[in-house]
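Here is the structure we will look at.
Here, each number is a calculation from the coordinates, and none is a lab measurement. Predicted model, so just to flag it, every value in this text is computed and none were measured. For neighbour counting, all protein chains shown are included, and Cβ atoms are generated from backbone atoms with ideal geometry for every residue, glycine included.
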Amino acid sequence: MHEDHEGPEQHGREAPSGRAETRSGRTETREERADRKWAELLQEVRVTQTGVQILFAFLLTVAFTPRFQDLGQADRSIYVVTVLLGAAATGALIAPVSLHRIVTGRRLKPETVHWASRFTVAGLVLLLCTVASALLLILRVVVAGSTAMWLAAGALVWFVSCWFVPAAVLFHRTRKGR
């Protein structure tokens, strides 16, 4: 997710040595920067891919358990939505690998990193929705009444607080500092 949201002035200028100078303290060419960002992004995607694939595999098995037949229509609908969200998250988080493989060797690394970063953020949002939906389904089976909804909403707020709020705060502070 290390897509830099910097304006052109942040990318720096070309130094006499042919290397880019940036305010970040790094001196790297556009290609070196793309290589670094790709390596960082790939490591992040590896972590999320594993989690989403395990969750998705678990979700796929639920329909084949004996207790699944006992679910009401509302719970079955939540299950279908959860499986579709899991599939979408899996697709978005695998997309960077597919994209890279298809365009490798065509001198499109900076553009590839940009698109891969967007897919990764989309995948994280979809993963967040998948986890919240799966929690809702599980909690509806385990606890009575509206408690399941409140617990799932609380978990959703927690995930948003961990995954997205710190980035928003950092972006806000950076913009305020300029």
What's the ranking of 149-155, 89-95 by average number of surrounding C-beta atoms within 10 Å, highest first? 89-95, 149-155
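Show me the ranking of peptides 116-125, 62-71 by mean Cβ neighbours inside 10 Å, starting with the highest.
116-125, 62-71
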Once you compute Rg and the Kirkwood Rh from C-alpha atoms, what is the Rg to Rh ratio for the chain? 1.10
Under the rule rounded for a/c under 1.5, else prolate if a/b exceeds b/c, else oblate, using alpha carbon gyration tensor axes a ≥ b ≥ c, the stretch 101-165 is classed as prolate
With springs connecting C-alpha atoms under 10 Å apart, model the chain as a Gaussian network and identify which of 73, 53, 43 has the largest mean-square fluctuation. 73
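How much length would be gained if the chain were fully extended between residue 157 and residue 75, taking 0.36 nm per residue of separation minus their Cα-Cα distance, in nm to one decimal?
The residue 157-residue 75 span can extend by a further 27.3 nm.
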Counting helices only, and only those DSSP H runs with n ≥ 4, report the 222 nm mean residue ellipticity of the chain as the sum of -39,500 (n - 2.57) divided by its residues, in deg cm²/dmol to the nearest 500. -25500 deg cm²/dmol
On C-alpha positions alone, give me the angle between the axis of helix 147-163 and the longest principal axis of the chain, in degrees, nearest 10. 10 degrees
Per the charge dipole of the stretch 34-146 (beta-carbon charges, Lys/Arg positive, Asp/Glu negative, Cα centre), the residue among 134, 100, 56 reaching farthest to the positive end is 100
Let me know the Rg and Dmax you get for the stretch 61-137 when you use only its Cα atoms, in Å. 16.8, 55
